[in-house]
1. Filter segment 256-274 down to the residues that are part of a loop (DSSP other than H, G, I, E, B) and within 15 Å of A198 (Cβ to Cβ), then identify the one that is modelled with the highest pLDDT.
2. Can you spot a residue in segment 196-203 that is in contact with a strand residue (DSSP E or B) (Cβ under 9 Å, 6 or more places away or on another chain), part of a helix (DSSP H, G or I) and under 21 Å from F237 (Cα atoms)?
3. Among L192, L200, which is the only one that is modelled with pLDDT of 95 or more and within 26 Å of G9 (Cβ to Cβ)?
4. Criterion first (in contact with a Ser or Thr (Cβ under 8 Å, 6 or more places away or on another chain) and not β-branched (V, I, T)) does A84 satisfy it?
5. Could you list, in sequence order, all residues of segment 135-149 that are in a helix (DSSP H, G or I) and in contact with a helix residue (DSSP H, G or I) (Cβ under 9 Å, 6 or more places away or on another chain)?
6. Quick one: in segment 235-259, which of the residues that are among the small types (G, A, S) and loosely packed, with under 12 Cβ neighbours inside 10 Å is farthest from A158 (Cα to Cα)?
7. Output the number of residues of segment 54-72 satisfying the condition of being more than 20 Å from the chain's Cα centre (by Cα) and either under 21 Å from F125 (Cβ atoms) or in contact (Cβ under 8 Å) with a residue 12 or more places away in the chain (or both).
8. Quick check on segment 26-40. Is at least one of its residues surrounded by fewer than 22 Cβ atoms within 10 Å (Cβ to Cβ), touching a Pro at 6+ places or on another chain (Cβ under 9 Å) and over 19 Å from E87 (Cβ atoms)?
Amino acid sequence: MILVTGATGNVGAHVVRAVAAEGEPVRALSRSGEGAGLPPGAEAVAADLNSPRTLRGVLDGVRALFLMPGYEGQRAVLADARSAGVERVVMLSGMAAKAADHNAVTRYLRAAEEEVRESGLAWTFLRPASFMSNALSFADQLRKGDEVRVPFPGVRTADIDPYDIARVAARALLSSEHGGRAYSLTGPQSLLPGDRVAVLAEVLGRDLRAVGLTDEETREALRAAFPAPYAEAFLRFFGDGVLDESQVLPTVEEVTGRPPRTFLQWAREHADAF
């Protein structure tokens with residue numbers, strides 16, 4: 001049995017499907033216990049990672065755990081998992097965990113990884129670049145017109161489809177050969193924000209124009225969308241350049257045997273969201 005936390009989220013939902021597709025029983029954990037749309041072989045369960053006692057019953061019979069980072073109850077969840085006989089944990093972390101900076105995001109990712117290392121469980125860390133699904137933040141602008149205002153217009157990133165993160169996660173959950181590994185994961189292309197807008201224009205059949213935000217406009221937009229410490233972290237990453245997500249890495253194909261999806265493939269699959 002595999003337990004997937006954050007099972008209704010961007011990555012977790014794909015992990016549930018990827019594990020179920022391998023014929024492995026999977027428990028899909030979310031706060032709501034929502035079970036709509038789960039694949040055959042998946043069981044919906046309700047629990048809260050900030051309240052470790054709510055997970056104790058769902059850990060029975062679990063041999064591998066997909067874990068979201070940064071919850072207050074993480075250390076207790078890991079201890080209960082070990083007591084329940086869980087063998088390994090695969091944690092969704094991020095490239096920011098290895099950035100040479102000390103901000104709100106790097107701190108919580110490093111702390112989460114350290115707790116897993118100290119748990120006594122076998123572990124694998126997944127450190128993806130930015131998600132292709134972040135482009136969904138353009139949807140509101142596209143409903144109003146053809147101009148798309150983008151932050152960090154000169155910064156290239158090798159964004160990854162959450163689907164591909166899940167494929168790697170499934171391999172690590174189902175096999176012990178990935179223990180003790182921290183996998184940096186990227187998509188197959190290093191693109192500018194304007195490049196992604198051009199791909200969306202092609203897919204949607206519209207004459208879209210990317211307009212770069214100024215540094216101050218970017219700061220205001222981030223502070224409107226995130227708590228101040230996290231907004232400042234993103235400014236450090238991509239404004240000051242302390243995090244480089246531009247390099248395309250072969251990890252997804254090395255682990256899964258198949259190349260990661262392109263942004264064009266992602267955009268075609270999610271065109272209705274725009």
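1. Pass one, segment 256-274, residues part of a loop (DSSP other than H, G, I, E, B): 257-262, 270, 274.
Of the ones still in play, those that are also within 15 Å of A198 (Cβ to Cβ) are 262, 274.
Numbers: T262: 98, F274: 91.
Within segment 256-274, the match that is modelled with the highest pLDDT is T262.
2. To start, the set of residues in segment 196-203 that are in contact with a strand residue (DSSP E or B) (Cβ under 9 Å, 6 or more places away or on another chain) comprises 196-201.
After this cut, where a residue has to be part of a helix (DSSP H, G or I) as well, the list is 196-201.
Next cut, under 21 Å from F237 (Cα atoms) only: 196.
Yes: one or more hits.
3. Details: L192 fails: within 26 Å of G9 (Cβ to Cβ).
Only one candidate passes the filter, namely L200.
4. Values: in contact with a Ser or Thr (Cβ under 8 Å, 6 or more places away or on another chain): no; not β-branched (V, I, T): yes.
Answer is no for this residue.
5. First, the residues of segment 135-149 that are in a helix (DSSP H, G or I): 135-144.
Matches in segment 135-149: A135, L136, S137, F138, A139, L142.
6. Restricting attention to segment 235-259, the residues satisfying the condition of being among the small types (G, A, S) are 239, 241, 246, 257.
Now narrow it down to the ones that are loosely packed, with under 12 Cβ neighbours inside 10 Å: 241, 257.
On the way: G241: 15, G257: 19 Å.
This residue is G257.
7. So the first thing to find is which residues in segment 54-72 are more than 20 Å from the chain's Cα centre (by Cα), and the list is 54-63.
Among the residues that remain, those that are also either under 21 Å from F125 (Cβ atoms) or in contact (Cβ under 8 Å) with a residue 12 or more places away in the chain (or both) are: 55-56, 58-63.
Residues that pass the stated criteria total 8.
8. no
The values are calculated or read from the model by the stated rules, or taken from the named source; none is laboratory data. Predicted model only: the values in this text are computed from it and were never measured. Reconstructed Cβ throughout: ideal geometry from the backbone, glycine too, with neighbour counts over all protein chains shown.
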